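FYI, it's all coordinate maths here, none of it is from the lab. Quick caveat: nothing in here was measured; it's all calculated off a predicted structure. FYI the Cβ positions are ideal-geometry reconstructions off the backbone, even for glycines, and counts take in every protein chain you see.
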Amino acid sequence: MELPTLDKFPRHVLAHLDIQRGFIASRLIIAAEKLQVFRLLHGKRMKSASIGRALQIRPSRLPSFLNALVGLGLLNKSHDAYGNTRLAEKYFVDERSIYWTRQYSQECLEAYEALSALEECLQTGKCGADIRGRKKPSYVEAMTRDRRRAEDFTQMLFHFHREDAAALARHLDLSGHRKLLDVGGGSGVMSIALVRANPQLSACVLEIEPVCKVTSGIVRRAGLCRRIKPQAGDIRQPLPAGYDVVMFCDVGPISKPMLQNAWDSLTPGGLVVAVDRFFSDDGAKPLDRLLGSLVGSSVQMTTRGDVASAMRSCGFRSVKAKRVWRDLWCITGAKPSRH
């Protein structure tokens, strides 16, 4: 999925976007996504009053909101009727699922709130939620409390990671392996791609129970129920045994205890796989991960070197780190076979 970065916008729009206006414009786009403006106007034109009623926007605020979207090149206007431009149709409808629209816009709002206290966060070391007296629930708590959020979040990640999964399936040779444990595998998108690329391979997606229910539906629609099974569990506890591949993909910082659990789960000759947008060893790349770390509860500076070193300390051999595509990296280590 291609992201609607500023260089995609019309030149006459870019000429008016300095840093301050760019910040305001991005917030405007998030509001439009949250209200589902572009989905409302998909394939049709509507009068402003009808848009206002459908989205419950006050008439006093509606003209400036819609006309600002026109100014950004996202809506076009004829008399008092509005419709999506090709840019809006491409990036906000055709290439995004409804789950992306609901979940990602909410995450952006949370990021804006955190960034409003960034200076204090930097000076005190506290996170934005603590400064504002709003404790942010953990991933497990948030998904367990709100099943719709679990659905939106899991489906969004499936949509978001499909290209990553296809690239990983091309890169990672699992032809000599038969059983994959996808730890914290979420939607199962990586397992689906790897199983399709390796006919002998079956997979277990280990996740929390609310996510497993969503994963089951995704796997069923992929026609892979016999080869991929979701299983409820805690990724930081001892893992199910008897697998010859254990994979951690986009699960946050990978600790030595987690890698030790992978070692215990693996059969002799098995493979541990870590996939993520890891920080470079100098900590300066990738930029989007660095920026994202500023709105999280803490700055997790886990580098590729850190993960490789932790693998070796657990006993893994032939540790290799290779770029899969763009800024996605795959780090692998082998558990020695019995002699």
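Rg over Rh for the range 102-155 works out to 1.04, using Cα positions for both radii and the Kirkwood form for Rh. Working note: Cα atoms of the range 6-94, range along each principal axis, descending, whole Å: 33, 28, 25. Along the chain, counting only GluC sites (Glu not before Pro) with a DSSP assignment other than H, G, I, E or B and at most 16 other Cβ atoms inside a 10 Å radius, the longest segment between sites is 96-339.
Between the amide H of residue 136 and any residue lying 5 or more places away or on another chain, no distance stays under 5 Å, with hydrogens modeled in the peptide plane. Under 10 Å, Cα contacts only: if you run a Gaussian network model on the chain, which one of 312, 326, 236 comes out with the highest mean-square fluctuation? Largest GNM mean-square fluctuation: 326.
Bridge orientation summary for the chain: considering DSSP beta bridges with both residues in this region, about 45 percent are antiparallel. Close amide H pairs (under 5 Å, H built 1.01 Å from N) link residue 267 with 242, 243, 244, residues at least 5 positions away or on another chain. If you find the alpha carbon centre of the range 280-339 and of the range 26-51, how far apart are they in angstrom? With the range 280-339 and the range 26-51 each reduced to a Cα centre, they are spaced 40 Å. Distant-in-sequence amide contacts of residue 75, defined by a placed amide H-H separation under 5 Å and a gap of 5 or more residues or a different chain, comprise 70, 85. Cα gyration tensor of the chain, axes a ≥ b ≥ c as square roots of the eigenvalues: rounded (a/c below 1.5), prolate (a/b > b/c) or oblate? Because a/c hits 1.5 or more and a/b exceeds b/c, the chain counts as prolate.
If you scale each eigenvalue of the Cα gyration tensor by 5 and take the root, what three semi-axes come out for the range 65-172, rounded to whole angstrom and sorted largest first?
Values: eigenvalues 184, 118, 43 Å².
Working through the eigenvalues yields semi-axes of 30, 24, 15 Å.
Direction-averaged projected area, Cα convex hull, the range 161-334: 9.5 nm², rounded to one decimal. Measuring nothing but alpha carbons in the range 105-235 and taking Rh as the Kirkwood radius, the Rg to Rh ratio lands at 1.09. Each residue of the range 210-223 is assigned a 3J(HN,Hα), and the resulting list reads x, 6, 4, 5, 6, 4, 4, x, 5, 5, 4, 5, 7, x Hz, derived from the Karplus form 6.51 cos²θ - 1.76 cosθ + 1.60 (θ = phi - 60°), x at Gly and Pro.
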